[in-house]
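Student: Handing you this structure, nothing more for now.
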Amino acid sequence: MIRSCLLALTVLQLFVSVALAADDAPEPVAIEQVLALGPLPVDAELMEKAGQAEGVRRALVGQVGEGSLPRAGQAVDAFGHSTEWQLSAPAELAPARRLQLWWFQLETERFVRGHLQVEGIRNAVVFVDGKQVDGGDEGHALDLRNGSHEVWIVHEGAAEAEDEAEGVEPSLAWQGRSAHDRATAHTRASRRVSAQRLTNAETVGDMAVSPDGRYLALAYERRDEAADTDVRRLEIRDLQTGGIVRQWTSGRPSALAWSPDGTKLAVQTENSLWLHERNSGQARALLLEQEGIGAWRWHPASHSILFGWVKKDETETDKRRRLRTLEDRWAGFRDITQIYQVDVASGIVRALTAEDRSVNVHDVVDGRVLLSHSVIDYAEPPHGLTRVFELDLEDGEQREIARLRSFNDIRYADEGYWLLAGPSLSTGDGDVTPGDVTPNDYDTQLYRLSTDGTQAVSLSRDFDPAFSGIERLADGNLLLSAVSGEESVLVHYDRDAQTLEIVDSGLGVIESFVASRTSPPTIVARGSDADAPQRVHRIGLDGDREVLVDSRETAYPDVVFGEVRDWSFTNADGVEIDGRYYLPPDFDPEKDYPLIVYYYGGTVPVNRQFTGRYPFNLWAANGYVIYVVQPRGAIGYGQDFSAKHVNAWGDYAADDIIEGTEKFVAAHDFVSEERIGNIGASYGGFMTMYLATKTDLFAASISHAGISALTSYWGEGWWGYAYSGIASKGSFPWNNRELYVEHSPVYNADKIDTPMLLLHGEADTNVPVGESDNMFTALKLLGREVEMVEFPGQDHWILDREQRYVWWDTILAWYDRWLKDEPEWWQNLYPES
């Protein structure tokens, strides 16, 4: 009886709340004006009878909606007819049954829910942000993020009396669910950036320049939202004339390279390696559907290609599996890659190595190949060795060059070798830190290694940037990629002058580069800036450059971005700490904005890349100011700076983040000191947890793939022991308990009061999901405000496209909840029921 009464009371309360909600629902807001195209030269009735009406509508939106936003007076030519976009009121729609197209934007300033009401229009089909939206009794239900939303309506004119209720004239309206669910309609040719545009924009994924510097191969990729498909194409450009020599569609190439004589372009797509003749355009398969083809490179004589070929491990593991080494936990560790050579003319393949470990190719000269493979050796940090050796292609003889604990890459020099390795290289002199300081071996240096491998002379002791890649030019000089503060740059090394100079590329962050075999070389680099999307530049060592591709024009027309400004400060120890901040597109200095603070993960500074895993421009477009701070410990600022990462685990970085945030807020009146959020990933996720034990400065925190207990990460992460071999060099749980316990946030969880969101890929092998489980359990038992969201099947990064959208939504919804007092988006994503 009591249960029945309670049920009746609950139902009554539900009816009362629904009635109140209905009474509180705002009035529909009429959409007074649209941009109209049509009538188009398409017979709507015939289209329906032909059976592909849905495909025709989708194609219409996909094709007309590609590129720039429509503008009044802009013409569209089709089937010999020219039709112009016109500003029009929905009520003016004529009943002629011809295919027509309407466009407008719905602008929202927060997450909103409601319905787009479409009345008095025949066969109206609605597309919002490229997706078709079905209608219902109340209209077309829409859940809209904060941002600009394109609305396309394909229809067949005004409904006549026999089609609809008599007297209903054509109209459009927005009906919000509640008072805050407001959306503004407009036809301006401007929009804010969206998550879809950041991930779907056409970009260059790979490049190859011919040895003579004349021809450039570019591999493009984009996502067509309307067709729900990836679009890929390859093109060959003549850099002398600027024209496109050849263009074709293909699968996504994993590698491109011109033959040394410039007559052939080799293209790898999945398990095949194709050769495209430059002059004739003829294509033939050199290796066709051969599973396991890995990295490859041309022999200098153009007659063959050297490639890695993976032999998969077939050991039965369904009953049990013995782990023989720490690396044995790694997926694919038992797979072995050996080096093979394929003759271009005959297609005959031969094996060059047969080691018990996977082999890597670093360089090839006429008769010799420079190779390496790993050696299991845990005796000293970072608990591994690299064996570098040389192979004679004529007789197959090997010569060991060196066994190195610190190793990144190597190339042939006229005498000896060019080597990239950390400052603590035992045979080198690259360490410039004081005697009592342990250098950061991620701060990679350039060495000249002797022919016998016993002596390495540093060439970059007084050069702050940290190297990440190396290529030998035709004149014997070097072109290197490097981390230089917030930028990723190109560096030219002149062997005669023994100088290192940063090349003026015009790009803040270089993603990759290629160089011709001419002297001076033709260099082509692709990259971006904090406030500018991907571009491809042709670069000269003298600073001369030419823009070859600019995705700002093709993929981001009409998109309005906020300003990005540099901001640095001098900390309490007298060290300058670099940084920058992002402003919303409609920034008003008189307003009060919430602030998001971001910092590095690992030991690499947060570079000025336009987009990536953490899209600052998208966050700014949602009404946030973003402050990116580069605390001590990061590479690219000199060895003294990067050494603060070693055996510190937050000590210096936390001080800089807290001090920087306080000074940034004090210096900028438009930032609210009560509404500050912070976020970091991996080591940065650790920093989020660590900061929460040190300060109440932040009103909401996010840790992605963060480390809560140094010991469990050290032992359970697939390469936790190796990372710790550098970041915690010489320290272990048994000889430095203070570091492993006191610096582990979970041991200080009782000090945390900040609402915290823990994000983690369920299949993370670098930082296992148990690191977030630890903190989630602790904060739940302590009764603190904490949420945890896992992403099934995802590793250390959220790579799946649709899951990435949910991930980004989750981040912004969390901040909307705590920094804007707008919990509705979070509740929509994660309802309590």
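The values are calculated or read from the model by the stated rules, or taken from the named source; none is laboratory data. Just so you know, these numbers come straight off a predicted model, no measurement behind them. No Cβ is skipped: glycine too gets one built from the backbone with ideal geometry, and neighbour counts run over all protein chains shown. We work out accessible area using only protein heavy atoms, side chains counted, and drop any ligands, DNA or RNA first. Shrake-Rupley method; radii C 1.70, N 1.55, O 1.52, S 1.80 Å.
Student: What value does segment 755-808 have for Rg/Rh, both radii from Cα atoms and Rh as Kirkwood defines it? Walk me through the numbers before you get to the answer.
Tutor: On the way: Rg = 11.7 Å, Rh = 11.6 Å.
In segment 755-808, Rg relative to Rh is 1.01.
Student: Would you mind giving the average projected area, over all directions, of the Cα convex hull of segment 654-806 in nm² with one decimal?
Tutor: Numbers: hull surface 39.3 nm².
Hull-based average projected area comes out at 9.8 nm².
Student: Find the Cα radius of gyration of segment 474-540, compare it with 2.2 N^0.38 Å by division, and give the number to two decimals. Don't skip to the answer; put the middle values down first.
Tutor: On the way: Rg = 12.0 Å, N = 67, 2.2 N^0.38 = 10.9 Å.
With N residues counted in segment 474-540, Rg over 2.2 N^0.38 Å equals 1.11.
Student: Scale the Cα Rg of segment 99-140 by the rule-of-thumb value 2.2 N^0.38 Å and send over the ratio, two decimals. Let's see the in-between values first.
Tutor: On the way: Rg = 11.3 Å, N = 42, 2.2 N^0.38 = 9.1 Å.
Normalised Cα radius of gyration, segment 99-140: 1.24.
Student: Determine the per residue accessible area of segment 201-293 with all protein chains present and a 1.4 angstrom probe, expressed in square angstrom. Please report the intermediate quantities before stating the final value.
Tutor: On the way: 4140 Å² over 93 residues.
I get 45 Å² per residue for segment 201-293.
Student: Please express the shape of the chain as an equivalent ellipsoid: the semi-axes are the square roots of 5 times the eigenvalues of the C-alpha gyration tensor, given largest first in whole angstrom. Intermediate values should be presented prior to the final figure.
Tutor: Working: eigenvalues 498, 278, 128 Å².
Those come to 50, 37, 25 Å.
Student: Hey, what D do you get for segment 153-281 in µm²/s if you plug the Kirkwood alpha-carbon radius into Stokes-Einstein at 37 °C and 0.692 mPa s? Walk me through the intermediate numbers first.
Tutor: Details: Rh = 19.4 Å.
Diffusion coefficient, whole number: 169 µm²/s.
Student: Once you keep just the Cα pairs under 8 angstrom separated by 6 or more residues, what percentage relative contact order results for the chain? Walk me through the intermediate numbers first.
Tutor: On the way: 1901 pairs, mean separation 58.5, N = 833.
Rounded, it is 7 percent for the chain.
Student: Related question: If you average over every viewing direction, what projected area does the convex hull of the Cα atoms of segment 478-633 give, in nm²?
Tutor: Numbers: hull surface 47.1 nm².
That works out to 11.8 nm².
Student: Continuing with the same structure: Would you work out what percent of the accessible area of the chain, with all protein chains in place, is carbon or sulfur (probe 1.4 Å)? The partial results should precede the final answer.
Tutor: Details: 16970 of 36480 Å².
So the carbon and sulfur contribution to the accessible surface is 47 percent.
Student: Enumerate the calculated ³J(HN,Hα) couplings along segment 767-772 in order (Karplus 6.51 cos²θ - 1.76 cosθ + 1.60, θ = phi - 60°), each rounded to whole Hz, writing x wherever the residue is Gly or Pro.
Tutor: Working through the residues one at a time gives 10, x, 4, x, 5, 6 Hz.
Student: Could you tell me the ratio Rg/Rh of segment 288-364? Both radii from Cα atoms, Rh via Kirkwood. Display every interim value, and only then the final one.
Tutor: Working: Rg = 15.2 Å, Rh = 14.1 Å.
Rg/Rh: 1.07.
Student: Counting only heavy atoms of protein chains, what accessible area per residue, in Å², does segment 549-677 have with a probe of 1.4 Å? The partial results should precede the final answer.
Tutor: Values: 4380 Å² over 129 residues.
So segment 549-677 comes to 34 Å² accessible per residue, rounded to a whole number.
Student: With labels modelled as points extended 7 Å from the Cα through the Cβ direction, what inter-label distance (nm, one decimal) is found for Lys319 paired with Arg350?
Tutor: 4.3
Student: Consider all pairwise Cα distances in segment 216-270 and report the whole-number % of them above 15 Å. Please report the intermediate quantities before stating the final value.
Tutor: Numbers: 807 of 1485 pairs.
That tail contains 54 percent of the Cα-Cα pairs.
Student: Between Asp566 and Asn736, how many nm apart are label points set 7 Å from Cα along the C-beta direction?
Tutor: Inter-label distance under the simple model: 3.4 nm.
Student: Turning to a different aspect of this structure: What pairs from Lys591/Lys780; Lys644/Lys751; Lys694/Lys729; Lys751/Lys820 go past 29 Å between their alpha carbons? Spell out each step's value before the answer.
Tutor: Values: Lys591/Lys780 36 Å; Lys644/Lys751 25 Å; Lys694/Lys729 25 Å; Lys751/Lys820 25 Å.
Going by Cα-Cα distance, Lys591/Lys780 fall outside the 29 Å limit.
Student: Translational diffusion coefficient of segment 367-508 at 10 °C, 1.306 mPa s, Stokes-Einstein with Kirkwood Rh over Cα pairs, in µm²/s as a whole number. Display every interim value, and only then the final one.
Tutor: On the way: Rh = 15.9 Å.
For these conditions, the coefficient is 100 µm²/s.
Student: Could you grab the relative contact order for segment 277-413? Cα pairs under 8 Å, six or more apart, rounded to a whole percent.
Tutor: Numbers: 233 pairs, mean separation 21.5, N = 137.
Contact order relative to length: 16 percent.
Student: Loop-only chymotrypsin sites (Phe, Trp or Tyr not before Pro) in segment 252-348, please: DSSP not H, G, I, E or B, and at most 13 other Cβ atoms within 10 Å.
Tutor: Trp330
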